[in-house]
Amino acid sequence: MTRNTITSFAPLLILLVLLTSCIQGISLEEFHNESDIGLIIRNGYHLRYDENKYQTGCNEMRNEFWVMDDNMANYFILKCKSFPEVGNTVEADLIYTTADDVKTRSGLSFRVTDADSGTGKIWLWCQSKHIGVIIEVLQ
């Protein structure tokens with residue numbers, strides 16, 4: 001292989017390395033550094049709660065939690081099979097909006113990694129999909 005052949009593949013190799021690192025997503029440790037209610041997919045917030053734009057809600061009897069804007073153009077809903085308690089793993093379905101679609105991910109396995117009784121926040125982490133959800137139990 002000549003030098004010109006190697007240098008012609010260099011941009012492609014750099015792009016491949018960058019894409020691979022993006023696909024892996026954030027780590028559990030990075031997720032734990034987050035404190036805003038919202039949905040994190042791969043590398044960052046897909047939807048971050050802002051009290052001026054969104055509402056949060058929950059139905060503890062049905063183990064459902066949501067964040068949505070007023071016209072429901074942007075939202076996520078987490079439907080857990082059981083109430084999320086620290087140390088447990090809960091199966092859940094996640095429904096969320098994208099720019100042009102509504103996505104559903106069924107049968108996700110979330111580890112409940114932390115909770116703050118003062119704020120009502122609960123951190124759930126799905127390692128296999130690199131999805132983190134910070135929800136709020138309304139008090």
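So what's the projected area for the stretch 26-136, the Cα convex hull averaged over all directions, in nm²?
6.6
Taking θ as phi - 60°, what are the ³J(HN,Hα) couplings along the stretch 77-92 by the Karplus curve (6.51, -1.76, 1.60), each to the nearest whole Hz, with x for Gly and Pro?
After applying 6.51 cos²θ - 1.76 cosθ + 1.60, I find 10, 10, 10, 8, 6, 8, 5, x, 10, 3, x, 8, 10, 10, 7, 8 Hz.
We did not get these values from a lab; they are worked out from the coordinates using the rules stated. The structure displayed is predicted, hence computed values, not measured ones.
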